Amino acid sequence: MTPDNSSKGIILGRIRKALIKKTLLNEPLVDSNLTTVYRVDEESLDVMFAQNFTQLQGKFVYCESKKQLVEKLDQLAESKHWNHLFCWDLKFQELFVKHHFKKMRIGRSLDKADAGISSCECLIARTGSVMLSSSGESGRALTIFPPVHIVIADTSQIVFDIEDALKWMHHKYQGRLPSMINLETGPSRTADIEKTLVLGAHGPKEVYVFLLDK
């Protein structure tokens, strides 16, 4: 098989390698003079996020273009038999209409939603988390109530750690932060019921991140 030396092939190869590679946590003793106790990995942030996000049972989908993003979303909806994917972000609605994605809905009856599609503030590579806020068009409800949450982001939104994410937010909103900032780290889960892990107890039981190369 001829190796794929395109930028897409290189990125996907690095992501696949990271997802099957076991990561050993082998940190040195903490130096109190350092500004952060975490070491910035030599791997790119997109690979680090993909690895940590999938270890938390998140579903990661890499997309080279907006058209490919819609195609992969359509394939996922078909495979899952989803017909009502609620989306309140205007820019995504326009994208779906342009590429003839027919399963998008803009209604507010969330009990009918198979999944909710939203943007995010940023992606945190070190923890595999998605930072959300109430300032977006999706508000608070769409990211919580449907059984599946689909996040659409691009590579420019990936930061290394939570500290960097908060700096991002302060810069973006000029110190006037949204009333709600939330970290979504994989599907909702609890082990309170007889110490058995249950997904979807307090929110979505599945979380997807569609990452657009930008």
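On the basis of being of a type in the set (S, T, N, Q) and either crowded, with 17+ Cβ neighbours inside 10 Å or touching a residue at least 60 places away in the same chain (Cβ under 8 Å) (or both), does Ser118 make the cut? In short, yes. Among residues of segment 94-122 being out of contact with any Leu (no Cβ under 9 Å at 6 or more places or on another chain) and aliphatic (A, V, I, L, M), the one that is modelled with the highest pLDDT is Val97.
Taking Phe92 as the residue in question, decide whether it is aromatic (Phe, Trp, Tyr), surrounded by 19 or more Cβ atoms within 10 Å (Cβ to Cβ) and over 24 Å from Met48 (Cα atoms). Spell out how you get there, then give the answer.
On the way: aromatic (Phe, Trp, Tyr): yes; surrounded by 19 or more Cβ atoms within 10 Å (Cβ to Cβ): yes; over 24 Å from Met48 (Cα atoms): yes.
Judged against the criteria, Phe92 is a match.
Considering each residue of segment 49-69, count those that are on the phi > 0 side of the Ramachandran plot and buried (at least 18 other Cβ atoms within 10 Å of the Cβ), and give that number. Number of matching residues: 0.
Kindly indicate whether Val97 is among the hydrophobic types (A, V, I, L, M, F, W, C) and without any contact (Cβ under 8 Å) to a residue 24 or more places away in the chain. Walk me through it before giving the result.
Working: among the hydrophobic types (A, V, I, L, M, F, W, C): yes; without any contact (Cβ under 8 Å) to a residue 24 or more places away in the chain: yes.
In short, yes.
Among the conditions (1) under 24 Å from Ile11 (Cβ atoms); (2) crowded, with 20+ Cβ neighbours inside 10 Å; (3) at pLDDT 95 or above, Gly186 misses just one, which is (3).
Among the residues in segment 165-172, are any under 21 Å from Thr54 (Cβ atoms) and either under 15 Å from the mean Cα position of the chain (by Cα) or free of Cβ contacts under 8 Å to residues at least 60 places away in the same chain (or both)?
First, the residues of segment 165-172 that are under 21 Å from Thr54 (Cβ atoms): 165.
Restricting the remaining residues to those that are either under 15 Å from the mean Cα position of the chain (by Cα) or free of Cβ contacts under 8 Å to residues at least 60 places away in the same chain (or both) gives 165.
Yes, because at least one residue in segment 165-172 is under 21 Å from Thr54 (Cβ atoms) and either under 15 Å from the mean Cα position of the chain (by Cα) or free of Cβ contacts under 8 Å to residues at least 60 places away in the same chain (or both).
The values are calculated or read from the model by the stated rules, or taken from the named source; none is laboratory data. Just so we're clear, the structure is a prediction, and the values are computed from it rather than from any experiment. All Cβ positions, even for glycine, are placed from backbone atoms using ideal geometry, and neighbour counts span all protein chains on display.
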